[in-house]
Structures are given as structure tokens and as C-alpha cells.
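Since the structure comes first, as C-alpha cells, the remarks are kept for the end.
Throughout, read-outs are computed from the coordinates displayed, never taken from laboratory work. In this text the structure is predicted, and so the values were computed from the model without any measurement. Positions of Cβ are generated from backbone atoms using ideal geometry, with glycine treated the same way; all protein chains shown enter the neighbour counts.
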Amino acid sequence: MGFADRRPVARPAGAIRAVAYRYFNVWRRPALLSRGVHVLMENRHGLYLGFAVDQADGYAEGRCAALMLQRTYRRHEIWPQTIGADAGYREGQFLSSLEAEGITPHVWSLDDLIRG
């Protein structure tokens, strides 16, 4: 079975995100993306510091990152000076809250557009 055989011919009825059409479950139906897994890691040594699972609604990245930072501070008394993240974390409210806490965010952004 080639790649062309896995792509849907017609869109199924219902509100399914466009990205979900790329993935199929065991029964050859489009997979619905409903959960996101987030990991907080120390960059220099690759140490795992936090883990969170939340619904994939587009705002879970910032929510989970703030939660993991608070947990890490309570457990290990570690508070970062900088944070690196991908484009999913470029939400304006999250970035401004990081800056208010004294953390410099290093987040990839297309043409410096920030959501929120």
C-alpha cells in the first residue's frame, strides 16, 4: 500500500481539523487530534523536569508550560532565566507572563507575529 492509497478521496462529514486528515487510525478513518503531550527539559544536559497532558485546543501549550514551570519551582526550586520553545508557544498572553516573571522567551515566530 503506497502513500497515495492512504490519503482520503473525499472529506468525511463533520468538523474535523485539516491536519487530522493526514493521520489514520486502525480502521482507516481520520484520526481526531484530541490530546497533547508537553515535556519540560533542561537544555544543557537533557534532563526531564516536567510532563503534562492536556486537550489539544490551541492554547494548551502556554497553559501546560506555566503549570510545569510552577511545579518545577515547587519541587526543585529551579527557576529558568530563558526558555526556548517552538511556534506553538507564541501566544501573546503566555509570552508576556514569562517576561513579567523575568524569563526571556526564545520562541520561533514567522515574521514576528504573535497570537493573542
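Some notes on this structure:
- For segment 36-112, averaging the sequence separation of C-alpha pairs within contact (under 8 Å, six or more residues apart) and dividing by the residue count gives a relative contact order of 23 percent.
- With only the Cα atoms considered, segment 50-109 has a convex hull volume of 77 Å³ per residue.
- Sorting the segments 93-99, 41-47, 74-80 by their mean number of nearby beta carbons within 10 angstrom, highest to lowest, gives 93-99, 74-80, 41-47.
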